[in-house]
Ligand SMILES: Cc1cc2nc3c(=O)[nH]c(=O)nc-3n(C[C@H](O)[C@H](O)[C@H](O)COP(=O)(O)O)c2cc1C
């Protein structure tokens, strides 16, 4: 159904950000009106015990999550939860409110089933999002685990980045089930340098000190990109191990334009199908190096087969962004139904048995 109307939707919104705003508005509305909420859930929800896992002490009813950047500031969580997601990640949130880059800043590459974006962490800042979460989460009865993705504000210098991350972490700590340190978006100048050993150690040790002082120790993950060369990945893994990091998200968007059909000079991060294979290979590599570290796999997932590929490569959970734009809101259910069929076909009793069977 969505595929039939997709050309109309794409045509009506030549700036994809308008379509995104409309979709967010709709999900916000549906998620907050009880009868509509029931209908949405009845249409999209799917439950099967074989898909559930407990990771970091958190129950995930299925492995399909909303990727960072879609609901940056927690505006439509109940609406997204009703689509059947196993978890939702909000952010990237920065210490300071900031407008992001000038529009247009999202571009569709339809022939490649891809997007390029250079949003630049547009968000209202940690204080405003904390206030919203305070009211939303108390009201939400259809609770799914919430990840909170934090980043550096544009105005903060690199050598002060650790203080920025710590500020947002402290402000948002009570609201998140897990946290993500985003050091891999290509659209904040210098951000990716924070993947270097000394910067990253600084950031993570600050967060560690804080969570050590709290009653509940919440999981902290690092989100990385496939553009890192192999020796740099090993350095990053070493820092993560030294700093007791609980997991990795692989991958953010890429700066590479390899293999694109569409000719484009737009700057920004590429997501969608051209990223799929590379992110799967990167997951296999990391899983081989640190078999016990949970990975959230993301990049070019448009079907159950794509999700299963990431899970077999070593991802315990997966996330979608661009696939949702091209395949529509039914994608979450389609992936979960398809995963159950793959588990049955391959003789796995549950999803955790399939994790990493293809890793190197
Ligand atoms: C428009 C857009 C905005 C994004 N914003 C963020 C963000 O704020 N923080 C983040 O960690 N990732 C962000 N991402 C990256 C996605 O979370 C994901 O890592 C990437 O798009 C690859 O997955 P996909 O191929 O399913 O889209 C963004 C992606 C897109 C397309």
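Among residues of region 284-299 that are within 17 Å of residue 243 (Cα to Cα), those with a beta-carbon under 7 Å from a residue that is away from the ligand (no atom under 16 Å from the Cβ) and assigned to a strand (DSSP E or B) at least six positions away or on a different chain give the pairs 294/55.
A Cβ distance below 9 Å, combined with a sequence gap of six or more or placement on separate chains, defines the contacts here; from region 173-191, residues that are within 24 Å of residue 143 (Cα to Cα) and without any contact (Cβ under 8 Å) to a residue 40 or more places away in the chain reach no residue that is assigned to a strand (DSSP E or B) and more than 10 Å from the ligand (Cβ to nearest atom).
Examine region 122-133 for a residue that is at pLDDT 95 or above, within 13 Å of the ligand (Cβ to nearest atom) and not in a loop (DSSP other than H, G, I, E, B), and state whether such a residue exists. Yes: one or more hits. With respect to the conditions (1) under 28 Å from residue 154 (Cα atoms); (2) touching a strand residue (DSSP E or B) at 6+ places or on another chain (Cβ under 7 Å); (3) touching a residue at least 60 places away in the same chain (Cβ under 8 Å), residue 267 lacks only one, and its number is (2). Checking residue 82 against (1) within 23 Å of residue 25 (Cβ to Cβ); (2) near the ligand (Cβ under 10 Å from one of its atoms); (3) surrounded by 21 or more Cβ atoms within 10 Å (Cβ to Cβ), which test does it fail? Unmet for residue 82, out of (1) within 23 Å of residue 25 (Cβ to Cβ); (2) near the ligand (Cβ under 10 Å from one of its atoms); (3) surrounded by 21 or more Cβ atoms within 10 Å (Cβ to Cβ): (2).
Each row is one residue, and each column tells you yes or no for (1) buried (at least 23 other Cβ atoms within 10 Å of the Cβ); (2) in contact (Cβ under 8 Å) with a residue 12 or more places away in the chain; (3) under 18 Å from residue 311 (Cα atoms).
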{"position": "35", "(1), (2), (3)": "no, no, no"}
{"position": "45", "(1), (2), (3)": "no, yes, no"}
{"position": "65", "(1), (2), (3)": "yes, yes, yes"}
{"position": "72", "(1), (2), (3)": "no, yes, no"}
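Selection within region 220-231: residues that are part of a loop (DSSP other than H, G, I, E, B) and within 16 Å of the ligand (Cβ to nearest atom). The member of this set that is surrounded by the fewest Cβ atoms within 10 Å (Cβ to Cβ) is 228. Residue count for region 1-19, restricted to those that are assigned to a helix (DSSP H, G or I), in contact (Cβ under 8 Å) with a residue 24 or more places away in the chain and out of contact with any helix residue (DSSP H, G or I) (no Cβ under 8 Å at 6 or more places or on another chain): 1. Every test in (1) in a loop (DSSP other than H, G, I, E, B); (2) more than 13 Å from the ligand (Cβ to nearest atom); (3) surrounded by 22 or more Cβ atoms within 10 Å (Cβ to Cβ) is passed by residue 161 save one, and that test is (1).
Considering only region 275-288, I want to know if a residue exists there that is outside any helix (DSSP H, G or I) and within 13 Å of the ligand (Cβ to nearest atom). Within region 275-288, not a single residue is outside any helix (DSSP H, G or I) and within 13 Å of the ligand (Cβ to nearest atom). Looking at region 67-107, which of its residues are assigned to a strand (DSSP E or B) and within 24 Å of residue 250 (Cβ to Cβ)? 87, 88, 89, 90, 91, 92, 93, 106, 107, listed by residue number. For region 232-274, the tally of residues that are farther than 22 Å from residue 178 by Cβ, touching a helix residue (DSSP H, G or I) at 6+ places or on another chain (Cβ under 6 Å) and in a strand (DSSP E or B) stands at 2.
From the list 217, 257, 192, the lone residue that is modelled with pLDDT of 95 or more, within 16 Å of the ligand (Cβ to nearest atom) and surrounded by fewer than 23 Cβ atoms within 10 Å (Cβ to Cβ) is 257.
The values are calculated or read from the model by the stated rules, or taken from the named source; none is laboratory data. All values derive from a computational prediction rather than experimental measurement. Please note: Cβ atoms are built from the backbone with ideal geometry, for glycine as well, and neighbour counts cover all protein chains shown.
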